[in-house]
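Working notes, structure below.
The values are calculated or read from the model by the stated rules, or taken from the named source; none is laboratory data. Computed from a predicted model, the values in this text were never measured in an experiment. Note: ideal-geometry Cβ built from the backbone for every residue, glycine included; neighbour counts use all protein chains shown. Each accessible area value is taken on the protein alone, full model and side chains, heavy atoms only, with ligands, DNA and RNA left out. Shrake-Rupley method; radii C 1.70, N 1.55, O 1.52, S 1.80 Å.
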Amino acid sequence: MTATASEPWPQGAEVSGGGVWPGREAGVGLGSQGAEVSGGGVWPGREAGVGLGSQGAGVSGGHFRRGAEVGLGLQSDKRAGDYARLARRAAEHGFDVLSVFGDLMYQPPIFPLLEMAAATSRVRLGAACLNPYSMAPYEIAGQVAALDLASGGRAYLGLARGTWLDAVGIARPRPLATLEEAAEVVYRLLRGDDSGYEGTVFRLAPGTALRYAVRRPDPPLLLGAWGPKGAALAGRIASEIKVGGSANPAMVKVIGDRVRPGELAAGRAAGDVGVVLGAVTVVDADGGAARARARTEVAMYLAVVAGLDPTADLPRDLVARVSALVDEGRHEEAGRLVPDDVLDLFAFSGTPDQVAAQAQALIDAGARRVEFGTPHGLTDDAGVDLLGTAVLPSLRREPA
């Protein structure tokens with residue numbers, strides 16, 4: 001079972017609090033790094049337009065770096081030692097971010113993330129994503145604090161509602177209220193705020209606080225979301241929003257437009273929240289073999305993401321036919337049904353030139369970060385090396 005890295009949001013999910021964080025006045029929300037934003041989008045103690053960067057330094061516009069970032073997303077299905085090896089290679093090649101997926105029944109992301117933290121010194125690291133239904137917010141706070149300590153302040157926090165949790169008997173009621181309040185609890189704990197919190201889903205009794213020192217009180221927050229209400233929530237409280245399972249440049253504007261009402265409600269500048277797109281990636285000198293492998297991978301999650309992309313015009317009955325074959329375990333047959341144009345909407349695949357062209361199209365559309373997801377190539381190591389040596393150097397980090 002392969003899941004998208006950031007989980008899809010139901011289009012009709014509710015938003016709690018009328019756009020205002022519980023316990024705060026209108027116009028005051030949790031900022032992109034977990035600090036309060038007030039007074040027209042000015043960070044406390046900072047000039048307008050200057051946010052907290054990935055290493056805790058002021059960076060104009062809240063960007064982590066000048067131009068787009070490029071990262072790798074890894075599935076947590078490997079042996080001890082494999083993550084460190086891949087992380088070192090990725091760092092040597094110049095990738096900016098390493099994410100580990102939080103998919104059901106795979107290894108908990110904290111294991112590979114801690115291994116990668118010990119093997120690197122520069123790249124940002126985080127889970128994409130954790131969910132507050134199977135993991136309590138206090139535990140999420142502990143895990144991101146541990147990663148931030150181990151990495152010397154390079155952690156980000158990824159939150160999403162999760163997918164397929166019904167398979168383990170976990171319901172997901174009120175997803176937006178749950179995500180919003182989970183983030184509130186996490187950042188209160190990281191900040192050392194022991195005043196107590198009474199939400200509609202989560203609470204902290206007065207005096208409740210972490211019993212250890214944290215590296216930073218405000219590691220950047222990423223929300224995984226596709227829908228308008230999830231995107232608006234990201235606009236109010238997140239640094240980044242990730243659309244997992246998409247390589248479609250048209251989605252960058254769609255998500256930006258959906259994020260904007262939340263940014264404005266929080267007094268933030270339009271475009272302050274970075275849009276991240278990530279998807280299955282298979283690159284190889286044999287472009288045909290790479291695309292065949294990618295088709296098989298995409299077939300397994302096409303039913304989850306196809307209906308979430310309002311710009312996608314899929315052939316009639318394609319999703320039903322693909323899903324029927326996947327349900328029967330006929331994954332390669334299902335993949336062969338995926339046309340080239342559909343494949344390019346939901347995966348990066350082909351030769352290095354083909355994959356680079358897809359990634360560049362996202363950067364030119366305004367994506368803040370492009371994330372190349374598992375399996376990367378016909379093998380992990382070959383894929384990471386080819387992405388690093390033949391794709392990454394050819395990318396312009398500024399939009400055309």
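R89 fulfils the conditions (1) over 20 Å from the mean Cα position of the chain (by Cα); (2) at pLDDT below 95; (3) open to solvent by 40 Å² or more (accessible area, probe 1.4 Å) except for a single criterion, (2). In region 104-127, the residues that are at pLDDT 95 or above and part of a helix (DSSP H, G or I) form Cβ pairs under 7 Å with partners that are among the β-branched types (V, I, T) and crowded, with 17+ Cβ neighbours inside 10 Å, at six or more places apart or across chains, as follows: P112/V100; L113/V100. On the stretch given as region 264-283, residues that are over 21 Å from G67 (Cβ atoms) and surrounded by fewer than 24 Cβ atoms within 10 Å (Cβ to Cβ) total 3. Checked against (1) open to solvent by 10 Å² or more (accessible area, probe 1.4 Å); (2) touching a Cys at 6+ places or on another chain (Cβ under 7 Å), V168 passes all but a single condition, namely (2).
Output the residues belonging to region 366-400 that are part of a helix (DSSP H, G or I) and among the polar types (S, T, N, Q). Please lay out each step first, then the result.
Filtering region 366-400 down to residues part of a helix (DSSP H, G or I) leaves 380-394.
Once the filter is applied, which keeps residues that are part of a helix (DSSP H, G or I) and among the polar types (S, T, N, Q), region 366-400 yields T389, S394.
Per this entry, G256 is counted among residues that are open to solvent by 10 Å² or more (accessible area, probe 1.4 Å) and closer than 26 Å to V342 by Cβ. Remark: pairs (first residue in region 341-369, within 11 Å of L277 (Cβ to Cβ) and in contact (Cβ under 8 Å) with a residue 24 or more places away in the chain; second residue open to solvent by 20 Å² or more (accessible area, probe 1.4 Å) and in a helix (DSSP H, G or I); Cβ separation under 6 Å; 6+ apart in sequence or on different chains) = F348/Q358. Search region 345-400 for residues being acidic (D, E) and within 24 Å of L222 (Cα to Cα), and hand back the single one that is most open to solvent (accessible area, probe 1.4 Å). That would be E398. Considering P217, P261, the condition of being of a type outside the set (G, A, S), at pLDDT 95 or above, open to solvent by 30 Å² or more (accessible area, probe 1.4 Å) and in a loop (DSSP other than H, G, I, E, B) is satisfied by P217 alone. A count restricted to region 138-197 and to residues that are hydrophobic (A, V, I, L, M, F, W, C) and outside any helix (DSSP H, G or I) stands at 7.
From E198, E181, which residue is open to solvent by less than 10 Å² (accessible area, probe 1.4 Å), modelled with pLDDT of 95 or more and not aliphatic (A, V, I, L, M)?
Values: E198 fails: open to solvent by less than 10 Å² (accessible area, probe 1.4 Å).
Result of the check over E198, E181: E181.
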